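Taken together, the values in this text are just the output of simple stated rules run on the coordinates, not laboratory data. Keep in mind that this is a model prediction, so the values were computed, not measured. Here the Cβ positions follow ideal geometry from the backbone for every residue, glycine too, while neighbour counts run over all protein chains shown.
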Amino acid sequence: MQIYLFRFLIGSLIVISFSINVKAQDFPGKGQIGSMLPIDDNTAVGHVVYGSLNEAFLVVDQKGQLLWSEHVRGYIKGEGKWNGNVIFFYTEKSNGGPLHATIVDLKEKKISKDKIIYDIPKDGNISVENDSRYNFSSLLFRSNRSEPLINMITLSADLEIYTKMLMPADSRTFIDIHTSKQGDIFLTSMVNSKLIAEKFDKEGEVKSKLQVDIDVRNKSYFTAVSRLDTFANNTLVAIQYVNTDKDKAISLYRFDFDAEKVKTAPPVLLDKVYAGTLEEKEPDAKKRLKSIDEMVPVDILTTHDKVILVKEIRTLYSTPNAVAALNNAAVVSVFNKELKPLHETVLNKYYQAYASFNSHLVSFIYNEKLYVLCEESEGLATFYDYCYIIDLSANKKEKKKLPQTGGLIDAASTVWFKNSCILGYLDKEFGGMKGKTKLKAMTYEEIDKLVNVER
């Protein structure tokens with residue numbers, strides 16, 4: 001979740017052209033995929049949006065080919081694995097109203113049960129929560145009112161609901177929530193200058209609470225990213241904030257519920273000194289590091305012995321006709337599990353476009369290597385897709401140019417299998433908020449064999 005006040009600048013905008021060099025598969029019906037997740041090593045499920053009250057549950061293979069779909073007259077909120085099959089949820093209205101739980105029999109390729117389970121209040125939103133293995137865990141209702149009320153809704157095998165309040169209506173600012181493969185629920189929030197992580201069991205009962213004080217300036221904005229450590233019983237939070245000296249900083253915390261301790265990485269001040277340190281690692285990136293105080297955390301990943309924090313310099317600025325986005329250099333910081341810094345890698349990149357065409361980094365780990373997918377602007381009217389590969393043990397970096405497909409790399413429609421992936425791309429028309437999804441399948445070996453273009 002981002003709670004952040006962007007700096008607005010006056011400047012010119014480079015218009016990006018979406019040229020296509022390699023044909024990717026347009027998704028049938030020219031719809032926009034809202035989400036996809038793997039259910040095994042060869043199959044993914046998700047949903048696609050065609051228009052108002054016109055969506056579909058879908059099943060695709062590891063090549064991105066549509067196996068079958070089921071039309072839904074409604075708005076699909078999400079899906080997850082459920083007792084050997086799949087469950088998805090949809091509403092009849094765009095705002096509030098009846099919520100359906102629908103069980104899909106994958107073998108028979110049909111809906112086996114559809115039941116209205118909840119009436120969503122109009123002053124809030126419902127979200128679908130899965131554990132780290134994509135098993136459905138719970139529904140979360142969050143109030144849109146000033147009080148950040150959060151209710152957890154769980155289901156019985158017969159789709160009977162049980163409701164439990166996780167977060168009362170107080171002054172806390174919600175950050176994120178995650179469910180472990182054991183069913184434990186981790187909720188992170190901020191209260192004034194305290195960063196809080198709470199652990200709940202499957203029934204929503206509080207089992208433990210950890211907190212840490214942050215040197216944050218009163219009434220300032222912050223950007224926070226929270227992730228679950230799938231290798232241990234803890235959750236991690238990275239936060240960019242303004243400290244009491246009015247300097248921007250990024251801190252990383254590991255809430256270790258086994259040891260009942262909070263581990264802290266050394267805070268990083270986003271100043272000229274830090275920019276100079278990064279320039280020594282990547283001298284050609286000096287221009288891309290100029291706006292170092294706009295750097296924010298964007299992802300946290302873990303291995304059995306490492307924590308990886310991905311940060312990027314992001315700026316929104318105004319033009320005479322629109323708001324535009326500029327994504328500059330990214331930095332990958334690697335720590336051990338005690339959050340002792342091991343090494344940092346600078347990605348010398350930039351991407352500039354209208355805000356509605358903004359594209360963010362997509363990261364994943366395979367065989368002790370970090371893969372970072374991104375768009376990069378080259379010249380006045382062109383962009384290309386790249387994949388940075390960072391060897392987490394040897395601190396080596398490669399840059400691969402991906403086959404050009406047209407559209408923007410889209411995290412919602414990108415799926416990671418055991419030995420391959422489906423890369424999702426969103427192709428938009430200028431002036432449009434929605435677009436059509438294109439899918440391209442690649443094995444990790446194919447990505448590794450691409451030419452290294454790192455200078």
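Note on residue 304 and residue 202: their simple-model spin labels are 2.7 nm apart, each label 7 Å out from Cα toward Cβ.
Note on the chain: Cα Rg divided by 2.2 N^0.38 Å, N the number of residues, gives 0.97. Once the chain from residue 83 to residue 182 is taken as fully extended at 0.36 nm per residue, the excess over their C-alpha distance is 34.1 nm. Peptides 90-101, 366-377 ranked from most to least packed by the mean count of surrounding Cβ atoms within 10 Å: 366-377, 90-101.
A cut-off under 10 angstrom between Cβ atoms defines the neighbours of residue 178, and their net charge, with Lys, Arg +1 and Asp, Glu -1, is -4.
Using r as the Cβ-Cβ distance of residue 219 and residue 107, and R0 as 41 Å, what FRET efficiency do you calculate, to the nearest 0.05? FRET efficiency, residue 219 to residue 107: 0.15.
Most tightly packed first, judged by the mean number of other beta-carbon atoms within 10 Å of their residues, the peptides 58-64, 346-352 read 346-352, 58-64.
Relative contact order for segment 395-455: 37 percent, from Cα pairs under 8 Å spaced at least 6 residues apart, divided by residue count.
Multiplying the residue separation of residue 260 and residue 192 by 0.36 nm and subtracting their alpha-carbon distance yields 22.3 nm. Charge tally around residue 241: other residues with Cβ under 15 Å, Lys/Arg +1 each, Asp/Glu -1 each, net -1.
Each Cα pair under 8 Å and six or more residues apart adds its sequence gap; the mean of these over the residue count of the chain is a relative contact order of 14 percent. Were the residues from residue 67 through residue 133 laid out at 0.36 nm apart, the gain over their Cα-Cα distance would be 21.6 nm. Taking a ≥ b ≥ c as the square roots of the Cα gyration tensor eigenvalues, with a/c under 1.5 meaning rounded and otherwise prolate when a/b beats b/c, else oblate, which class fits segment 288-442? Oblate, because a/c is 1.5 or more while a/b does not exceed b/c. Of all DSSP bridge pairs formed entirely within the chain, close to 100 percent run antiparallel. What does the charge count near residue 355 come to, summing +1 for each Lys or Arg and -1 for each Asp or Glu among other residues with Cβ under 13 Å from its Cβ? Once all neighbours under 13 Å are counted, the net charge is +2.
Hey, quick one: spin label on residue 94, modelled 7 Å out along Cα-Cβ, who in segment 337-370 has an amide N within reach, i.e. under 20 Å? Within reach of a label on residue 94, which here means backbone N under 20 Å from a point 7 Å along Cα→Cβ, segment 337-370 contributes 356-357. A simple spin-label model places the labels of residue 322 and residue 246 3.6 nm from each other, with each point 7 Å out along Cα-to-Cβ.
Note on the chain: helix-only mean residue ellipticity at 222 nm, from DSSP H runs of 4+ residues weighted -39500 (n - 2.57) and normalised by residue number, equals -1000 deg cm²/dmol.
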